[in-house]
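The values are calculated or read from the model by the stated rules, or taken from the named source; none is laboratory data. All values derive from a computational prediction rather than experimental measurement. Here the Cβ is made from the backbone with ideal geometry for all residues, glycine too, and neighbour counts use every protein chain on show. Quick note on the areas: whole protein, heavy atoms, side chains included, nothing else; ligands and nucleic acids left out. Shrake-Rupley method; radii C 1.70, N 1.55, O 1.52, S 1.80 Å.
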2 protein chains.
Amino acid sequence: MKLSESEENYIKSIYNLQIKTEKVNTNSLAVFLNTSPASITDMLKKLKSKKLLEYKKYYGFRLNEAGNTEALKIIRRHRLWEFFLVAKLGMEWDKVHDIAEELEHVSSPELINRLDAYLGKPKTDPHGDPIPDERGKVVLLKQKPLKDLAMKQNAIVSSVSSQGHEIMEMLNHYGIGIGSQIKVLKSFEFDGSLQIKIARKPECIISGMAAQNIYVYDN
Amino acid sequence: MKLSESEENYIKSIYNLQIKTEKVNTNSLAVFLNTSPASITDMLKKLKSKKLLEYKKYYGFRLNEAGNTEALKIIRRHRLWEFFLVAKLGMEWDKVHDIAEELEHVSSPELINRLDAYLGKPKTDPHGDPIPDERGKVVLLKQKPLKDLAMKQNAIVSSVSSQGHEIMEMLNHYGIGIGSQIKVLKSFEFDGSLQIKIARKPECIISGMAAQNIYVYDN
DNA sequence: AAATAAATTTAGACAAATCTAAAAATAATT
DNA sequence: AATTATTTTTAGATTTGTCTAAATTTATTT
């Protein structure tokens, strides 16, 4: 199926939101895509007519099987390019997202499969998110947001919800990266902020906002 | 300057046609871009308003300094990606054009300069065309179409005008590639076809059409 | 359950890039 | 030089993706 860049962005965003939050609605998708709710409705109709989405007016929407397959293809491309940019071109892991966002729309299957082989068929991208294989299979990791991690429980930072640079800049500042060993020392109910300890770093406090967007493997 | 994909394609095409043929006109550009003359006129106005083109109604058009600079950036990206696809991903040199056509529109300078370094700052792409450097400098090679090569003169195949797969398929069949040693044995005035000899291959005859689109270094 | 608030959709407009068909300008030919 | 042919441009329409503002539907409160 040939999709426009815009259609691809919507599909990918819906997929990503469906994973991290149960219910996706028009407004949250509009905020996520930095566009108006009216535009979302327009595109939902279009994706429905292309049979990629189940959608009932005012009721809700959800990618169907075909939509999921398309999403996984796009995500595979995105994550392979991110891996390439870090592993081969030596870019910083917190700066590759925007470039991958453009590269992901080049859809030649031969290109992507050769790239995959060239990179050694990596399992995860530099943010710790799994890379779907050629047939769309993803290893589902039991990640959870840091805010849901039990107190004093050791865990490994697995990924960061990839909306924008700002959070990554901050994490870099604290010395937090994918694979960092992390532990929550104290939780402040007032604003959801957490006192945390990263291995080999001083203790520090991060906001509730940050704690929602950092994901960990809880072993 | 931020340019749309379409604007980039027009600029690149104008640049390429200006190199290979003296006068570029509305109709030939329309044929080259597989679009209508009316669309060409529309875009010429737009590029003029962006000060990338000198253009007078009915009179003609030509990239100005700024337009040339933009063209060279796009061509640099295109050729670096072609090199990457062949050298790193092992793709066939006659199949990389279309994919590079898409990759070239990803315009992050950091990406392109890192890619350049990663590839070892190559001088030419797999078709033998020179890759502009970061500042837009191109090594101008004294290429000529095979049809203009003197009889029995040894030369090296340097490039192939890159419009489409068809010609490349044929060249592959004859065993002609970039770097092949080539000599014209006989020229048939009737239809411009040439009897040629490629080093370590049997003699063969190619059409006048082909002889116009194969370029050689004439030492 | 009525009133108010929030979320979603429609209606109508706009910009970009394209098209066809007709008009205008330039070039070629008799 | 008058006519014909070619090239180029205009006029007006279309598609895609977006917008704002208004209308509609659903959810929440009082």
**Q.** Residues of segment A:16-40 with amide N under 12 Å of the 7 Å Cα→Cβ point at A:Glu101
**A.** A:32-35
Q.
Taking the solvent-accessible surface of protein heavy atoms with a 1.4 Å probe, what is the per residue accessible area of segment A:44-153 in Å²?
A. 52 Å²
Q | Cα-centre dipole for chain A with unit charges at Cβ (Lys and Arg positive, Asp and Glu negative), debye to 20 | A | 680 debye
**Q.** Cβ-vector label at 7 Å, A:Ala66, separations to other copies in nm
**A.** 4.5
Q) A:Gln181: net charge of surrounding residues, Cβ under 14 Å, Lys/Arg +1, Asp/Glu -1, itself excluded? A) +3
Q) Which residue, chosen from A:Asn154, A:Pro122, A:Ile167, occupies the Cα position most advanced towards the positive end of the dipole of segment A:102-179, where the dipole is computed from +1 (Lys, Arg) and -1 (Asp, Glu) charges on Cβ about the Cα centre? A) A:Asn154
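At 222 nm, what helix-only mean residue ellipticity would chain B give, in deg cm²/dmol to the nearest 500, using -39500 (n - 2.57) for each DSSP H run of four or more?
After summing the helix terms and dividing by the residues of chain B, the value is -12500 deg cm²/dmol.
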Q: Set Lys and Arg Cβ to +1 and Asp and Glu Cβ to -1, take the dipole of chain A about its Cα centre, and tell me which of A:Leu103, A:Ile40, A:Ala87 lies farthest positive.
A: A:Ile40
Q: Compute the projected area of the convex hull of the Cα atoms of the protein assembly as shown, averaged over all viewing directions, and report it in nm² to one decimal place.
A: 26.8 nm²
Q: Taking the Cα centre of segment A:72-140 as origin, work out the dipole magnitude from +1 charges on Lys and Arg Cβ and -1 charges on Asp and Glu Cβ, in debye rounded to 20.
A: 360 debye
(Q) Only four residue types carry charge here, +1 at the Cβ of Lys and Arg and -1 at the Cβ of Asp and Glu. Report the dipole size of segment A:113-219 about the Cα centre in Debye, rounded to the nearest 20. (A) 420 debye
Q. Between their Cα atoms, which of B:Lys12/B:Lys88; A:Lys2/B:Lys20; A:Lys73/B:Lys88 are more than 30 Å away from each other?
A. A:Lys2/B:Lys20
Q. Mind checking which of B:Asp125, B:Asp133, B:Asp42 has the largest fluctuation in a GNM of chain B, springs on alpha carbons under 10 Å?
A. B:Asp42
Q: Compute the accessible area of each residue in segment A:97-146 twice, once for its chain alone and once with every protein chain present, using a 1.4 Å probe on heavy atoms, and list those whose area falls by at least 20 Å².
A: A:Ile99, A:Glu102, A:Leu103, A:Val106, A:Ser108, A:Glu110, A:Leu111, A:Arg114, A:Tyr118
Q) Which of the aspartates and glutamates could a cross-linker bridge to A:Lys23, judged by Cα under 16 Å and excluding same-chain residues fewer than eight apart? A) A:Glu54
Q: Go through A:His165, B:His78 and list them by solvent-accessible area, largest first, probe radius 1.4 Å.
A: A:His165, B:His78
Q. A plus B alone minus the pair: what accessible area, both sides summed, probe 1.4 Å, in Å² to 100?
A. 1700 Å²
Q: Rounded to the nearest 0.05, what FRET efficiency do B:Tyr58 and B:Tyr174 give with R0 = 41 Å and r taken as the Cβ-Cβ distance? Could you check?
A: 0.40
Q | Choice from B:Gly136, B:Gly120, B:Gly179 with maximal GNM fluctuation in chain B (Cα, 10 Å cutoff) | A | B:Gly120
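Using a 1.4 Å probe on the protein heavy atoms, what percent of the accessible area of chain B belongs to carbon and sulfur?
52 percent
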Q | Lysine-lysine proximity count for segment B:131-219, Cα under 30 Å, sequence distance 8 or more or distinct chains | A | 23
Q: Note the angle between two axes, namely the Cα long axis of helix B:109-118 and the longest principal axis of the Cα atoms of chain B, as a number of degrees from 0 to 90, rounded to the nearest 10.
A: 30 degrees
(Q) Compute the helix-to-body angle for B:5-20: its Cα long axis versus the longest principal axis of chain B, expressed 0 to 90° and rounded to tens. (A) 40 degrees
